[in-house]
1. List pairs: first in the stretch 482-511 and on the phi > 0 side of the Ramachandran plot, second part of a loop (DSSP other than H, G, I, E, B) and crowded, with 18+ Cβ neighbours inside 10 Å, Cβ under 8 Å, 6+ apart or cross-chain?
2. With respect to Gly241, is the statement that it is in contact (Cβ under 8 Å) with a residue 12 or more places away in the chain, more than 12 Å from the ligand (Cβ to nearest atom), surrounded by fewer than 19 Cβ atoms within 10 Å (Cβ to Cβ) and closer than 20 Å to Pro325 by Cβ true?
3. When you go through Leu100, Leu33 one by one, which is the residue that is within 43 Å of the chain's Cα centre (by Cα), more than 30 Å from Met374 (Cβ to Cβ) and not charged (D, E, K, R)?
4. In this structure, does Lys546 turn out to be more than 16 Å from the ligand (Cβ to nearest atom), without any contact (Cβ under 8 Å) to a residue 60 or more places away in the chain, part of a helix (DSSP H, G or I) and out of contact with any Pro (no Cβ under 8 Å at 6 or more places or on another chain)?
5. So which residues in the stretch 262-292 are under 16 Å from Thr320 (Cα atoms) and either within 9 Å of the ligand (Cβ to nearest atom) or among the small types (Gly, Ala, Ser) (or both)?
6. In this structure, does Ser201 turn out to be within 23 Å of the chain's Cα centre (by Cα), within 23 Å of Pro325 (Cβ to Cβ), among the small types (Gly, Ala, Ser) and buried (at least 23 other Cβ atoms within 10 Å of the Cβ)?
7. Provide a single number: the residues in the stretch 267-296 that are assigned to a loop (DSSP other than H, G, I, E, B), touching a residue at least 24 places away in the same chain (Cβ under 8 Å) and not small (Gly, Ala, Ser).
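The values are calculated or read from the model by the stated rules, or taken from the named source; none is laboratory data. Keep in mind the model is a prediction, meaning the values are calculated, not measured. Positions of Cβ are generated from backbone atoms using ideal geometry, with glycine treated the same way; all protein chains shown enter the neighbour counts.
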Amino acid sequence: MLDWYKLNIKGVAMLTIILLLALMGALYHRASLKVTSLVLAAILVAWSAYDGIPYVHWILFLAIFVPLNLTFVRRKLSARLLDVFKGIMPRISDTEQEALDAGTVWWEAEMFGGKPNWKRFHNFQKATLSKEEQEFIEGPLEELCSMINDWQITHIDRDLPPEVWNFIKEKGFFSFIIPKEYGGLGFSSYAQSRVLTKINSLSATAGSIVSVPNSLGPAELLMHYGTQEQRDHYLPRLAKGEDVPCFALTAIEAGSDAGGIPDKGVICKGQWNGKEVVGMKLTWNKRYITLAPVASLLGLAFKLYDPEGLLGDKEDLGITCALIPTDTDGVEIGRRHYPLSTPFQNGPTTGKDVFVPLDYIIGGPDNAGKGWRMLVDCLSAGRAISLPSSANGGVKMASYTTGAYARIRRQFNVPVGYMEGVMEALARIAGKTYMVDSMLTFTASGIDSGEKPSVASAIVKCHTTALARDVACDGMDVHGGKAVMMGPKNYMARAYQGAPISITVEGANILTRSLIIYGQGSIRCHPYVLKEIQATQNENRKEAIKDFDKALFSHVGFAMSNKIRTFWLGLTASLLVKKPQSDFTGRYYQRITRFSSALAFLSDVTMGVLGGELKRREMISGRLGDMLSNLYIASSVLKMYHDKGRPEHDKEIVQWSLEHCLYETQMAADGVLKNFPIGWLGKALRIVVFPLGLPLSPPSDKLSRKLARQLQEPQAMREELTHGAFKSESEGSNLYKVDKALRLQLEMEPIVKKFSQALGKRAGNHQVVPFAKEALDAGHITQDEYQLVLDAEEARLEVINVDDFAPEEMKHHLSEN
Ligand SMILES: Cc1cc2nc3c(=O)[nH]c(=O)nc-3n(C[C@H](O)[C@H](O)[C@H](O)COP(=O)(O)OP(=O)(O)OC[C@H]3O[C@@H](n4cnc5c(N)ncnc54)[C@H](O)[C@@H]3O)c2cc1C
């Protein structure tokens, strides 16, 4: 009797384990409910045939899986849950709904989905330039860059010289996004990013001026929403620079909360060209508007009201966008703000009761009240290109110059770049530069393939600009006093000074990081949440139950799958995940897959626990957003490396960047768990996410040292990392000077070593030239070698020297200009 009992217990346990393993396997692989049920049923049938009927297991199986598979039964439960959800879910306003509906979701959704499809990833098109784009980059762009003197622009003129303005307009620099049929250049996003990167590597002021007409503004809005008449009139003028556009949304009391603008238009009758027409009386007070002081065409966002019912029965029509020629009576422009010593044209604009006809609305009267939708829909492309290109130009310039400077600047008789503290900074500069370029390139290629990725564009804007600021700070530190002293010889300080501009514009970074990326990401990128929300808002109850049921039960399966995947991937350190690449990157693909599952799992639990409250818990949502962002950045790095043909010389920088991103991802997850709103649940979740503790470290010192050395030598990694910056061969260019000094320094060093040994003494910095002369006189070096030492020292001093000014030159006050 006892033996039989023991045997049976053994059998029961074994069957339970088999069933659980099968269930976990099905969940891990995201098998459908039907397939999972069939697999479990098959196991039970087989067991019944060979070992007798396991009644308890059959009862449990039938009790759980039959109702789940019977749609009419399941929907009864769904109907009840739908009512509960309706009670809890905050109603989504029209404005929020428009922001949620805007754009598309792309690779970031794979990161959010917990099981990235790497095959799809490698099939994404590679960013390329057409012949025409390449010719533009080699022709007009080079010419423009050679006309720019940033010190003259930023310090003396506080504007571009007239010939540069004219060149920009004539050569079509304002028309990259305008199609050829309207006289524009019709460039791809990738081409735009390359052009803007180069200009910004030289001058953020010139870069900003070129960016704005190619970003969200009149041209973009006209192309998507303008009437044919408006397009035919304005686009050719904008393409040729006959019209200079600006777009005014921000008001004094409405910055980040742009939907709260107080500027208004009232529909009324008035006189226009001698006739009485129905139009709008506009009143606005905008600030921070780029190009406004010199604009001839003002794109204006305002709230439109129709109190007399001249358009219909709706009084409050909502945000509307119109194009107002700035020579219209009552339009005030011309005064300038002064943004952080980066004096691109930026200023306020006002107008009081300015009467214009209704056909000034972009798209005509039919688009009255549709302005917000238009803006959010068009935001993503520009947001992912303009400011990220500015960041890219800045980091490439900083990498190129700081690497060289660290090598030629000697203290304690060694290059400062050989000191480990400086090496740490150099490694960060190099790695972060690679990350910025990767994000921009990857996302531009996505946009060129037809995507309008609203979440990815927020990630790219926020993180490229934040990384660029980090790089600028490190670059300043490595240069020491050289970067502090302003003057034409200073190539670092303007990038450092201007960094907060990119941080603030087009969605200030704190808001973007803590609210937008995850807030929008959790709804748009999640495979089921938006569907659930939409079902709760559906007035048709039958349809609502059907949709809710489908989304809810798929969501439950998704969440269970992510839990199993996260735990298993943590337990096995993701070593069993199939590697899409067999080289050193394979391990990083595995880790991204692991953390993608962890993000999906933590997201569901956090949303479940906090619900609508999550919107206010930005410290939690910001960290979840950081997980998403860092996984996206890591993917971009892998893609750029892949598309470049996996070059050997990029190996270390790719490794550094990936280890940095994955460590940041891990620490963001750790932060969520440590601060989880329910303490015990945070601890329980930690067992699932990190069953073996925190596995990752930041990039090692050894790796950082390697990267730092590579940045200080003119070899392939350094050259490619900074490819696309303006490396003029003109003697006046600071980038040319610093690179020349580096190359000469490296050529000179063996000569110095040779004569130091021959003379039996080591030359300190200031002794190199006198000792070289002594060596020449003693016949230890040739005349050519001596000349090289003189040239190298001259080049080095030219770079490490800073500017000084006569007292009267220092009396240059803003009010005098
Ligand atoms: C140089 C420059 C050029 C510009 N060009 C234009 C232009 O051409 N056209 C135009 O219309 N506008 C333009 N802007 C305006 C720009 O878009 C706004 O500055 C931006 O939206 C932020 O508004 P704000 O500066 O008033 O900051 P605020 O809205 O006052 O924000 C202050 C801080 O609070 C944070 N914050 C706000 N809300 C939240 C939240 N919910 N959660 C977390 N953090 C939050 C922000 O991130 C920021 O750090 C420009 C601005 C600058 C500085």
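1. These pairs meet every condition: Glu506/Ser215; Glu506/Leu216.
2. For Gly241, the condition - in contact (Cβ under 8 Å) with a residue 12 or more places away in the chain, more than 12 Å from the ligand (Cβ to nearest atom), surrounded by fewer than 19 Cβ atoms within 10 Å (Cβ to Cβ) and closer than 20 Å to Pro325 by Cβ - is not met.
3. Leu33
4. no
5. The answer is Gly265, Gly279, Lys286.
6. Taking the combined requirement at face value, the residue does not satisfy it.
7. Residues that pass the stated criteria total 1.
Each row is one residue, and each column tells you yes or no for (1) of a type outside the set (Lys, Arg); (2) in contact with a Gly (Cβ under 6 Å, 6 or more places away or on another chain); (3) crowded, with 17+ Cβ neighbours inside 10 Å; (4) on the phi > 0 side of the Ramachandran plot.
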| site | (1), (2), (3), (4) |
| --- | --- |
| Val12 | yes, no, no, no |
| Met24 | yes, no, yes, no |
| Thr36 | yes, no, yes, no |
| Ala49 | yes, no, no, no |
| Leu62 | yes, no, no, no |
| Arg80 | no, no, no, no |
| Ser93 | yes, no, no, no |
| Glu96 | yes, no, no, no |
